[in-house]
Each structure stands twice: as C-alpha cells, then as structure tokens.
Amino acid sequence: MVTNRSDGEGCNGAREERSGEVNYSKLPCLSEQSKTICFNVLLLCAPHNTTTSRTFTTTTFPESVAALKLAIQEEFQVPVYDQKLSFGSTVMADGESLDFYRLKDGDQITLEYTTTVDVECAFHLISLLRNALEFVKNEQSQLASGKISPEFSKTISDTLHVKDIDQCINQLMFSAEKLLANSDFMLKNGGLDVITSLHSLLLKQTWDNICHLDLQYLEKHVLFLLGSLYTVIPHHLKYKVVNSLDNVIGSFLRVPISSKHIAVPQNLNLPDTTRSQQFIVLVEVLYGAIQSLTQQVV
C-alpha cells in the first residue's frame, strides 16, 4: 500500500528529525516488532532530478535487503537491478538481512533509481509467451499435420491468448518513454530465451500448416519482440539473435509486417522515433526489398 506524505513525516504521522548517521546498536530489530512494517521511502530519480516521499507498508517481513528490493519493485515499479537503497548514510547490501541494519518501524530509507517499468504487464507477457511455447512444443505433431479440427482450433485460441499478448505489447512497447526500459526488463527476466525458442518452434511449421490465424499473429508478435529486445541486448548476447538470422529472414518472407499490420501510434514522428521504432521501419524496408527480389526471380 502506498500513500503520499510530506517530507519528514513518519508512518505514524509525527514529524521526525534525522541525522545522516544511524546508531544501529540502540534500535530494536524488525523481527522483534509487529508483522505490519511501515517504511518511509524517499525516492530519488536521477534523470528527472525529482524527489518524492512515499509510505511503503508490508505485512510480510522481508528477511533480506534483496527480498525488500523485490517488494519495492512490485510496489514502486522500479526494477531490482536499478535500485540503490540506503539507510541513513549507509548503502544497504543485497546479501545482508534487514536485522543487520537494525531497522525499525517508521524508519526512512532512500531509494535511488533511474527508471520505472510496467512490472506486472512485463511478467504477464513473459508468462503468456512461456505458455505459448509449451503449447506449441507439446502440439508440434498435431500442428505439422495441418489437420486442425474446430475443437483443436478453439483449443489453440483459448491457449495462446494472442489478444492478451497483443494488449501487453501495445502497453509495453508503444510508450516511447518506457519502451527501452520495458525491453531491458524483459531481457533481464528471461524474455529473450522464451522468444527465440518460441520463434524457432513456429518456424518449424510451414506457412500452409500454420494457417490458424492465432499462430500467424503469434509469429508476427514474436518477430516484433525480437526487434524491440535487440536494441537493448548486450553485445555478448547478440549472438542469440544473429545465430537465428535465418529464422528472422524466414519470418520476413512469410509474415505480413507492413505498417498497416503494426499498431504504430498515429502521432509517430519518424525523425524522433526511438531506436526500436526505427528498427521496425528498417524491418519493413527489408521485407519490401526481399519480397520485390523474390517476385523478380519468379
């Protein structure tokens, strides 16, 4: 639960004066207190040079600083890897317990960060993609047969949740302000492995056999996500995409990815697009060129 408060006001509503130093030895540890723990959190966002005071209340005692960061990630949408927590003048180490710092109910901690992400939506998208990966993996032979009964067609639609995937992508990837941050969050939470594995399985199906509309849209979404994540992939991991270049080109040749199939915002200003949106434009250019060459050869 998060509530706003004025600077210096504690969880109990009282004004508190604090120095930069904390005498840990004189404070009762959190494990000795009630199960409901309240912290005053001073949020410092470096890029925007903003300071906000919030109240963070939890009924689950975090055993470690790392566990506290996970709770803060869920509450404030700040990725764990982007958090710098301090108590007084002391930077809190992930491996230490909260009792080590002798925190007490109502204490103020400082959270320094650079960005926020759509945590719930990103995890939901990764979960949907994992679910799709398992389904395609388990039903490879049935899909390869090209015999899709009405009952199996309904199972595909009910299992893949392509509309939900589309909604998540629209929320995560079409916000110019958060696109790179959301892509980076998905990358750091296993999204790339899921996406490349799912892409490989989909490409094992011929386009004639993958005629189910949900499967076609799924491949289009996967191709788009590869483009979005590629902009934030560290150099030492780019081989995961480069090694699947044949797969990407294969999708270029069979997946309709012109602008009319991609939900690019109407007010998109091309010179000011983010790197990911520029990548989409590049993909469209490559797709048109490859299609044109293919037609000339034929």
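All of the numbers you see were taken from the coordinates with simple rules; none came from a lab. Fair warning: this is a prediction, and the values are worked out from it, not measured in the lab. We place every Cβ from the backbone using ideal geometry, glycine too, and count neighbours over all the protein chains shown.
Based on the alpha carbon coordinates of segment 55-205, what radius of gyration and maximum Cα-Cα distance (Dmax) apply, in Å?
When restricted to Cα atoms, segment 55-205 yields Rg and Dmax of 20.4, 66 Å.
Got a sec to turn the phi values of segment 36-44 into Karplus ³J(HN,Hα) couplings, 6.51 cos²θ - 1.76 cosθ + 1.60 with θ = phi - 60°, whole Hz, x for Gly and Pro?
Rounded to whole hertz, the list is 7, 10, 10, 10, 8, 10, 9, 9, 10.
Short version: what are the Cα gyration tensor semi-axes of segment 83-143, square root of 5 times each eigenvalue, largest first, in whole Å?
43, 14, 9
Output ³J(HN,Hα) for segment 63-68: one whole-Hz value per residue in order, computed from phi by the Karplus curve 6.51 cos²θ - 1.76 cosθ + 1.60 with θ = phi - 60°, and x for Gly and Pro.
6, 9, 4, 4, 5, 5
In nm, to one decimal, how far is the modelled label at Glu96 from the one at Arg54, with both set 7 Å along Cα→Cβ?
For the pair Glu96/Arg54, the computed spacing is 2.3 nm.
Please report, to one decimal in angstroms, the Kirkwood hydrodynamic radius of segment 45-127 built from all distinct Cα-Cα pairs.
13.7
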